[in-house]
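S.K.: Below you'll find the structure I mean.
What follows is calculated from the coordinates using simple rules that are stated; it is not laboratory data. The structure presented is a predicted model; accordingly, all values stated were derived computationally and were not measured. Please note: Cβ atoms are built from the backbone with ideal geometry, for glycine as well, and neighbour counts cover all protein chains shown.
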Amino acid sequence: MALFWPGAGWLGILGALAFIAVGVAAWLQLGVAAPAGRDDVPAYLEQRQAFSEAVMPVWCRQIEASRSQMEDAVAELAGRFSGIVDKLDTALHLSSATDHGEASLSQVFSHSETQLGEVVATMKAALESKHAMLARIRELEQFTRELRDMAEGVASIAAQTNLLALNAAIEAARAGPAGRGFAVVAQEVRHLSNRSAETGRSISDRVNKISSAIVSACHAATESSAAEDEAMRSSEGTIDNVLREFRNLTDAMAQSSELLKQESVAIKGEVGEALVQLQFQDRVSQMLGHVHHNMEMLPVVMDENRRNYEAGAGLQAPDAQVLLGELEKTYAMAEEHAIHRGEMATAKASDEVTFF
Amino acid sequence: MAKTIMVVDDSASLRQVVGIALKGAGYDVVEAMDGMDALSKLKGQKINLVVCDVNMPNMDGITFVKEIKQLPNYKFTPVIMLTTESQEAKKKEGQAAGAKAWVVKPFKPEVLLGAVAKLVLP
């Protein structure tokens, strides 16, 4: 169905009304210009009556059809506006829910940022703890050095004891039979020093092995710690990037939501203006209705005029004031009265409310 | 809970227009095409306010206001007359019938909504 703008329909219908009015006036003038011969008058009046009864219903049907089509078209137009407003409201509601709802994007972002921050802090604390443990392991390496020194001290004491026992054996041999007991003691001391030297070597070997294991563990832990530091820095960078992208996304969505709100307000303003324009259809429809009703009375006036003639009242011009007076009684708008008087009339939206 | 407003007008497009304005302000809308239709649709409805045209077929707006004032459940329901009529005599008729306000068409949505907000029953 072709839709038309109420303003354009208004002008078109007023034009049509003017055209019909000119036609009616010309026809009435023809009616006033009575036939030349008196004998032809009844036939003329009969034909005039038939003419009015033939033409008037067609004119009225055309007006009514126009009125009806206009009403349907404007109702459909208003329905479409209603649909647009509903869709806008839905979009705004969804946007508003995203902005103010419990799980709004900015809230999700803040929550995620906090949680990821906590994860990073926990990982950093674990790394610090590991660094502290590595430092303690390095201290163990120092202890093994001290143990090695102590083992060397034991070996040195054993060697000196052995030398002392050897000197004691020599002195016991020089003393002869009197030093035999002393030689036995010197021999035992030498055994003990040998065993002490052997134990010292054994301790030294074991300490070396432990030291080597600790150095190896320290090396591995240092490498692992460096790798973890690097992984930590990489993770932190990745998290920052993800959060930045997420922030950009939420900012863009917030901007688009704000833009939607602004556009919606502007569109609602436009719709408000359109609502005023759509109401002119109702005014046009009422004016057409009044004219339609008045036109339907024309055949009655013509018939009465004919009857008056037949009753011997003489041939009189139909009285336009009868119809115009009836038309004026139906007016509801100040604008109709102004148009009736031939004045320029404009209708605009009213700001006035009368409270009782 | 949204308040319900009955819109009585013989023009479908006008009912739509008024409906868009009212729904946009958060009201629920019940439509009726004339006074008779409105009276039949009142039954069982909680109506917080009526917006009513004056010139309608079957039952005009002034008669409808007189009728609604006779109904115990709707005696105090405020009625706003929304019409192209702007003569003082007609306004006085509306006031005498029991209408609370008179708004002339074409109306600005904010003007009608202002009157509705002022008069609508809680």
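S.K.: Explain nothing, just the number: dipole magnitude of the range B:1-121 about its Cα centre with +1 on each Lys and Arg Cβ and -1 on each Asp and Glu Cβ, in debye rounded to the nearest 20.
M.R.: 460 debye
S.K.: Please determine, in degrees from 0 to 90 and to the nearest 10, the orientation of helix A:298-308 with respect to the longest principal axis defined by the Cα atoms of chain A, where the helix direction is its Cα long axis.
M.R.: Computed tilt is about 10 degrees.
S.K.: Largest first and to the nearest Å, give the Cα extent of the protein assembly as shown along each principal axis.
M.R.: For the protein assembly as shown, the Cα extents along the three principal axes come out at 200, 50, 32 Å.
S.K.: Using a cut-off of 10 Å between beta-carbons, work out the net charge of the residues near A:Val207 (Lys and Arg +1, Asp and Glu -1, A:Val207 not included). Could you put the intermediate results ahead of the total?
M.R.: Numbers: positive: A:Arg145, A:Arg148, A:Arg206, A:Lys209; negative: A:Glu146, A:Asp149, A:Glu152, A:Asp205.
Charge balance in the 10 Å sphere: 0.
S.K.: OK, next. Can you give the angle from 0 to 90° between the axis of helix A:320-330 and the longest principal axis of chain A, with both taken from C-alpha atoms, to the nearest 10?
M.R.: Roughly 30 degrees, rounded to the nearest 10.
S.K.: Can you list residues whose amide H is under 5 Å from B:Glu31's amide H, if they're 5+ apart or on another chain and H is modeled 1.01 Å from N?
M.R.: Residues meeting the criterion, in which the H sits 1.01 Å from N, are B:Val7.
S.K.: Now, a different point. Run the reach check for B:Lys108 against lysines, Cα to Cα strictly under 25 Å, same-chain hits fewer than 8 apart removed. What comes back?
M.R.: Reachable lysines: A:Lys87, A:Lys261, A:Lys268, A:Lys348, B:Lys3, B:Lys23, B:Lys90, B:Lys91, B:Lys92, B:Lys100, B:Lys118.
S.K.: I'm checking a number: the convex hull volume of the Cα atoms of the range A:106-255, normalised per residue, in Å³. What is it?
M.R.: Expressed per residue, the convex hull around the Cα atoms of the range A:106-255 is 78 Å³.
S.K.: Something else now. Could you work out the mean count of beta carbons from other protein chains within 10 Å of each residue's beta carbon in A:276-284?
M.R.: Taking all residues of A:276-284 together, the mean is 5.
S.K.: Would you give the gap between the C-alpha center of the range B:77-112 and the C-alpha center of the range A:149-216, rounded to a whole Å?
M.R.: 127 Å
S.K.: Related question: Using amide H atoms built 1.01 Å from N in the peptide plane, name the residues 5+ places from B:Tyr74, or on other chains, whose amide H lies under 5 Å from its own.
M.R.: none
S.K.: Further question: Could you tell me the relative contact order of chain A? Use alpha-carbon pairs under 8 Å, at least six residues apart, and round to a whole percent.
M.R.: Computed value for chain A: 29 percent relative contact order.
S.K.: Per q in 0.10, 0.13, 0.21, 0.24 Å⁻¹, report the Debye log10 I(q)/I(0) for the range B:4-119, using one uniform scatterer on each alpha carbon and no solvent.
M.R.: Once normalised to I(0) and log-transformed, intensities are -0.24, -0.41, -1.19, -1.63.
S.K.: Pop out the ³J(HN,Hα) list for the range A:335-342 in order, Karplus 6.51 cos²θ - 1.76 cosθ + 1.60 with θ = phi - 60°, rounded to Hz; leave Gly and Pro as x.
M.R.: 4, 5, 4, 5, 4, 4, 7, x
S.K.: Against the longest principal axis of chain A, how steep is helix A:105-175, in degrees 0 to 90 to the nearest 10, with axes from Cα atoms?
M.R.: The angle comes out near 0 degrees.
S.K.: Now for a different question. Taking neighbour Cβ counts within 10 Å as the exposure measure, how do B:Ser11, A:Ser216 sort from fewest upward?
M.R.: Details: B:Ser11 22, A:Ser216 10.
With the fewest neighbours first, B:Ser11, A:Ser216 line up as A:Ser216, B:Ser11.
S.K.: What number comes out for the charge environment of A:Glu273, summing +1 per Lys or Arg and -1 per Asp or Glu over other residues with Cβ under 13 Å away?
M.R.: Values: positive: A:Lys268, A:Lys348, B:Lys108; negative: A:Glu270, B:Glu110.
Spelling it out: positives minus negatives among the neighbours equals +1.
S.K.: Same structure, new question: What is the packing order of peptides A:71-80, A:49-58, taking the mean over residues of other C-beta atoms within 10 Å and listing the highest first?
M.R.: Details: A:71-80: 18.9, A:49-58: 14.4.
Ranking the peptides A:71-80, A:49-58 by packing returns A:71-80, A:49-58.
S.K.: Using a Gaussian network model of chain A with C-alpha springs under 10 Å, which one of A:Asp149, A:Asp240, A:Asp86 is most mobile by mean-square fluctuation?
M.R.: Of A:Asp149, A:Asp240, A:Asp86, the Gaussian network model singles out A:Asp149 as fluctuating most.
S.K.: Which whole-number percent is the relative contact order of the range B:1-84 (Cα, under 8 Å, 6+ apart)?
M.R.: Taking the mean separation of contacting Cα pairs over the length of the range B:1-84, I get 31 percent.
S.K.: Sort A:Ser82, A:Ser110 so that the residue with the fewest other Cβ atoms within 10 Å of its own Cβ comes first and the one with the most comes last.
M.R.: Ranked by crowding around the Cβ, least crowded first: A:Ser110, A:Ser82.
S.K.: Report the local net charge at B:Phe64: Lys and Arg +1, Asp and Glu -1, summed over other residues whose C-beta lies under 12 Å from its C-beta.
M.R.: Taking every Cβ under 12 Å from that of B:Phe64, the sum is -4.
S.K.: Which whole number gives the average, over all residues in B:99-105, of C-beta atoms from other chains lying within 10 Å of the residue C-beta?
M.R.: For this peptide, the per-residue mean of nearby foreign Cβ atoms is 6.
S.K.: Something else now. With contacts defined as alpha carbon pairs under 8 Å and 6 or more residues apart, what's the relative contact order of the range A:106-255 in percent?
M.R.: Relative CO of the range A:106-255 lands at 36 percent.
S.K.: Apply the Karplus parameterisation 6.51 cos²θ - 1.76 cosθ + 1.60, with θ equal to phi minus 60°, to every residue of the range A:222-231 and state each ³J(HN,Hα) to the nearest whole Hz, in sequence, with x for glycine and proline.
M.R.: My calculation for the range A:222-231 gives 5, 4, 4, 5, 5, 5, 5, 4, 5, 4 Hz in order.
S.K.: For the range A:177-187, just list the computed ³J(HN,Hα) in residue order, Karplus coefficients 6.51, -1.76 and 1.60, θ = phi - 60°, integers in Hz, with x standing in for Gly and Pro.
M.R.: x, 5, x, 5, x, 5, 5, 5, 4, 4, 5
S.K.: Testing the spin-label approximation: label points 7 Å from Cα along Cα→Cβ at A:Leu166 and A:Ile137. State their distance in nm.
M.R.: Between A:Leu166 and A:Ile137, the simple spin-label model gives 4.5 nm.
S.K.: Mind sorting A:Trp59, B:Trp102 by how few other Cβ atoms lie within 10 Å of their own Cβ, fewest first?
M.R.: Ordered by Cβ neighbours within 10 Å, fewest first: A:Trp59, B:Trp102.
S.K.: While we're looking at this one, here's another question. From other protein chains only, count the Cβ atoms within 10 Å of every residue's Cβ in A:84-90, then give the mean.
M.R.: The mean count of partner-chain Cβ atoms within 10 Å per residue comes to 2.
S.K.: Among A:Gly325, A:Gly181, A:Gly117, which one shows the biggest mean-square fluctuation in a GNM of chain A, springs joining Cα atoms closer than 10 Å?
M.R.: A:Gly181
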